[in-house]
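Asker: Mind having a look at this structure? Questions to follow.
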Amino acid sequence: MIREEDPRFRHLEWKIGLFIAMALAGAVVAVVLFGLQKDLFTKKFSLHFTVDRGTGFVKGMPVKLSGFRIGRITSIALNDQAMVEISAEIDSKYAKWIRSDSTVKLVKEGLVGDNIVEVSVGSFDKPELKDNDAISYVKTKALDELADELADKVKPVLSEIGDIIGYINDPDGDLKRSIRNLERLTRNLDGTRRHADDLLIAANTNIDRLSSRATLLLDTSYRKIEAIDLAPTLARVNSNLDHIDKRLPAMLEKADKTLDNINRISAETRLLSENAFPKIPGLLSQAEDVMLSTDRLVNSIQNTWLFRDGPSTANSPLFIRGDSYE
């Protein structure tokens with residue numbers, strides 16, 4: 001019996017088996033990749049910490065050290081004290097940096113990033129944390145707390161801004177009055193500018209007039225100076241100077257002779273005085289002797305009986321001998 005087969009169905013069993021094998025291999029690879037991504041094949045140890053509020057924490061949240069992912073949050077539960085117990089699985093190869101003084105805190109990656117649990121690097125002189133050990137939690141401010149704190153800081157600023165706006169909008173305030181005065185001054189500036197222009201025009205006119213008068217005065221003075229003929233006067237002065245120059249030697253010679261005569265007379269007078277001065281005391285002494293003798297003679301004549309009319313007077317000399325130098 002002849003059997004006819006479709007060539008498309010030849011080796012169908014082999015094709016189906018190959019397809020199933022490839023699908024199984026892909027599934028295994030996917031599982032392996034998923035396990036590697038979720039660190040299913042990595043040795044881990046658990047750490048736990050307690051927080052007062054579980055806001056921001058979710059299961060599967062990454063745990064990072066120095067910005068590098070080292071584990072994830074595995075469980076979040078509420079304990080008997082109404083505190084939130086959080087457990088995290090950490091890859092064992094990162095245990096050497098997690099010490100007894102290490103801490104965890106909830107932070108946000110970037111400005112609008114996701115929340116993560118950040119682990120700090122501990123001191124190498126401290127012991128390493130083991131499986132199921134507790135790690136200290138450092139509380140960070142949540143978004144609502146930051147918002148409340150920011151609001152507390154912004155409220156005084158907003159109040160001051162409101163006061164400033166009220167001060168600006170006050171129609172009787174200093175700012176409004178200053179603006180009105182400035183507007184009034186601006187309106188008056190146009191008239192002031194026109195008045196200044198008029199003054200400048202008048203000043204320019206006066207300057208032009210003074211310039212014309214000064215130019216005319218200078219021209220008149222120049223013409224008068226040019227009209228003055230100084231030649232005769234200068235000639236007369238030169239003539240007088242020549243005449244004086246001619247007579248000056250003779251006058252100087254006469255003056256020299258006069259000075260010589262005066263010097264000679266002065267010398268002769270000084271010589272006569274020097275010669276006559278030693279004889280003056282002797283002459284005075286002789287004159288005194290003559291006067292004394294005369295006085296004695298007169299007294300003798302008066303004392304004679306022929307010329308005496310009455311009793312004789314006191315024998316006091318009528319002439320007092322004096323010093324020959326007085």
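The values are calculated or read from the model by the stated rules, or taken from the named source; none is laboratory data. Keep in mind it's a predicted model, so treat the numbers as computed, not measured. Glycine also receives a Cβ, built like all others from the backbone with ideal geometry; neighbour counts cover every protein chain displayed.
Asker: Restricting attention to strands (runs of 3 or more DSSP E) lying wholly within segment 25-108, give those where 3 or more residues are assigned by TED's automatic domain parsing to the domain that holds residue 125 and within 15 Å of residue 134 (Cα to Cα).
Answerer: Result: 44-51, 68-78, 84-91, 103-108.
Asker: Against the condition surrounded by 11 or more Cβ atoms within 10 Å (Cβ to Cβ), part of a helix (DSSP H, G or I) and hydrophobic (A, V, I, L, M, F, W, C), how does residue 147 come out, does it pass?
Answerer: Criteria met by residue 147.
Asker: Considering 217, 241, which residue is assigned to a helix (DSSP H, G or I), more than 60 Å from the chain's Cα centre (by Cα) and surrounded by 10 or more Cβ atoms within 10 Å (Cβ to Cβ)?
Answerer: Details: 217 fails: more than 60 Å from the chain's Cα centre (by Cα).
The conditions single out 241.
Asker: Next question. Right, residue 86: buried (at least 16 other Cβ atoms within 10 Å of the Cβ), touching a strand residue (DSSP E or B) at 6+ places or on another chain (Cβ under 9 Å) and under 28 Å from residue 28 (Cβ atoms) or not?
Answerer: Considered against the rule, which asks whether it is buried (at least 16 other Cβ atoms within 10 Å of the Cβ), touching a strand residue (DSSP E or B) at 6+ places or on another chain (Cβ under 9 Å) and under 28 Å from residue 28 (Cβ atoms), residue 86 comes out as no.
Asker: State all residues of segment 77-116 that are farther than 17 Å from residue 45 by Cβ and aliphatic (A, V, I, L, M); if no residue qualifies, say none.
Answerer: Answer for segment 77-116, where residues must be farther than 17 Å from residue 45 by Cβ and aliphatic (A, V, I, L, M): 77, 78, 82, 83, 84, 106, 107, 111, 112, 116.
Asker: Are there any pairs with C-beta distances below 6 angstrom linking a residue in segment 238-257 that is of a type in the set (Lys, Arg) to a residue that is part of a helix (DSSP H, G or I), with the two at least 6 apart or on different chains, and if so which?
Answerer: none
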